[in-house]
1. How far apart, in nm, are two points set 7 Å out from the Cα along the Cα-to-Cβ line at Ser31 and at Arg6?
2. For segment 28-78, what's the radius of gyration and Dmax over Cα atoms, in angstrom?
3. Can you give the convex hull volume per residue for the Cα atoms of segment 257-409, as a whole number of Å³?
4. Tell me, what ³J(HN,Hα) does each residue in segment 339-344 have, in order and in whole Hz, if you take phi through Karplus 6.51 cos²θ - 1.76 cosθ + 1.60 with θ = phi - 60° and put x for Gly and Pro?
5. At a 1.4 Å probe radius, which order do Ser211, Ser256, Ser53 fall into by accessible area, largest first?
6. Give me Rg/Rg_expected for segment 181-251, where Rg uses Cα atoms only and Rg_expected = 2.2 N^0.38 Å with N residues.
7. Over segment 206-293, what lengths in whole Å, largest first, do the semi-axes of the equivalent ellipsoid take, defined as the square roots of 5 times the eigenvalues of the alpha-carbon gyration tensor?
8. How far, in nm, would the chain grow between Gln210 and Asn315 when pulled straight, counting 0.36 nm per residue and subtracting the alpha carbon separation?
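The values are calculated or read from the model by the stated rules, or taken from the named source; none is laboratory data. Given the structure is predicted, the values throughout are model-derived calculations rather than measurements. Every residue, glycine among them, receives a Cβ derived from its backbone with ideal geometry; neighbour counts consider all protein chains shown. These accessible areas exclude ligands, DNA and RNA; they are computed on the full protein's heavy atoms, side chains included. Shrake-Rupley method; radii C 1.70, N 1.55, O 1.52, S 1.80 Å.
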Amino acid sequence: MSVEIRVPQLPESVSDATLVAWRKQPGQPVSRDENLADLETDKVVLEVPAPVSGVLRELKVPNGTSVKSGELLALIDEGATASATTASATSAPPPAGGPAAGNGTAAAPSASGAPTPPKAGAAPPRTGPAARRVIEENNLSPDSIAASGPGGRITKNDARLAAAAATLSAATMAVAAVPAAALARGSRTEQRVPMTRLRARIAERLIQAQSTQALLTTFNEVDLTAVQELRARYKDSFEKKHGVKLGFMSFFVKASIEALKRFPVVNASVDSSDIVYHEFFDIGVAVSTERGLMVPVLRDADAMSFADVESGIANFAARARTGSITIEDLTGGTFSITNGGIFGSLMSTPIVNAPQSAILGMHKIQPRPIAVDGQIVIRPMMYLAVTYDHRIIDGREAVQFLVTIKDCLEDPGRLLLGV
């Protein structure tokens with residue numbers, strides 16, 4: 001009996017998705033709940049699991065196709081075996097952009113351009129979505145990659161190391177084949193690639209924010225001596241008790257919530273001609289990934305402990321970088337925090353994550369001389385920036401909001417006492 005494989009119901013905010021890659025080809029056996037294809041939306045990558053066990057009979061949609069909820073993707077012969085359908089599967093043409101269907105194992109080209117055959121009798125290496133993406137983008141053979149993950153699983157780092165080695169090998173061969181005169185002139189090649197759906201969505205949101213909001217940025221600087229001393233004093237016992245490292249972000253999240261409580265309009269948003277005051281604190285924390293910037297949301301962050309905040313952020317970062325984060329994790333938020341300091345940024349003007357009305361920008365911690373009680377001392381200083389929608393937030397409120405964050409960080413006891 002043939003079973004239809006259709007596009008899963010997409011979230012309300014997502015109209016369509018792109019079929020990035022088929023994980024199985026016609027004639028190959030599939031197991032129930034095994035991933036058949038990856039669908040890329042403008043927020044996350046979704047997997048299409050097999051509803052039954054059997055043999056993949058036919059692909060209805062090639063790679064790179066835009067699909068909508070409920071659209072037919074493929075057919076599975078439930079309960080069939082691979083030998084029963086091999087003849088028909090090998091005669092079927094492969095989908096556009098995908099490998100040819102044969103005995104179920106496609107040979108991917110190696111760095112030299114020649115196909116690398118799979119190991120005879122060996123089970124195919126296990127990979128996750130992030131590792132598979134690296135493998136496909138670099139035309140690697142999974143069988144040629146040394147797996148370091150548990151149970152012989154290929155990790156994303158394994159795939160990236162293999163890709164780097166392949167690139168170096170290809171570059172060495174290319175240089176050897178280029179005449180000396182051409183090398184002297186230098187390379188003037190160009191490469192045109194389409195934006196990913198996520199990158200296109202990021203561009204759309206940024207342009208929308210700048211064109212619909214009256215954005216203004218105010219700056220201040222904070223002395224992080226007290227925070228660094230607290231971390232140094234308690235980091236070992238904190239990690240031992242809670243199983244997570246005590247970072248800077250939990251301090252900034254807690255200080256931001258205290259400031260938002262004092263200035264509710266910074267936690268508000270504009271809806272047509274109304275101002276919507278949110279009486280909850282869902283804090284978005286920007287996470288940089290290979291696919292682009294994502295902002296997962298800590299729900300009801302005011303009710304979270306420092307350990308809860310650190311664990312939540314670590315979990316979001318790990319899942320965002322492996323492609324397992326969900327759309328629900330990225331939806332909503334009343335205020336956002338972004339940390340360009342981890343990349344070395346000394347100062348920047350972050351763009352508001354609409355429809356929110358403000359965003360806090362953290363930057364690099366740098367020892368600088370400052371005056372304290374009439375003396376010049378060296379302190380760990382950080383520039384802070386708050387970009388805000390001037391339509392509803394006045395400069396006075398934005399400045400005082402940032403000063404409140406500064407005060408809470410320079411004297412962390414305020415966070416405990418709420419003063």
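1. 2.7 nm
2. Radius of gyration, then largest Cα-Cα span, for segment 28-78: 11.3, 33 Å.
3. Cα convex hull per residue, to the nearest whole number: 131 Å³.
4. 10, x, x, 5, 9, x
5. From most exposed to least exposed: Ser211, Ser53, Ser256.
6. Normalised by 2.2 N^0.38 Å, the Cα Rg of segment 181-251 equals 2.12.
7. On the way: eigenvalues 201, 59, 42 Å².
The answer is 32, 17, 15 Å, longest axis first.
8. Working: separation 105, 0.36 × 105 = 37.80 nm, distance 3.06 nm.
The Gln210-Asn315 span can extend by a further 34.7 nm.
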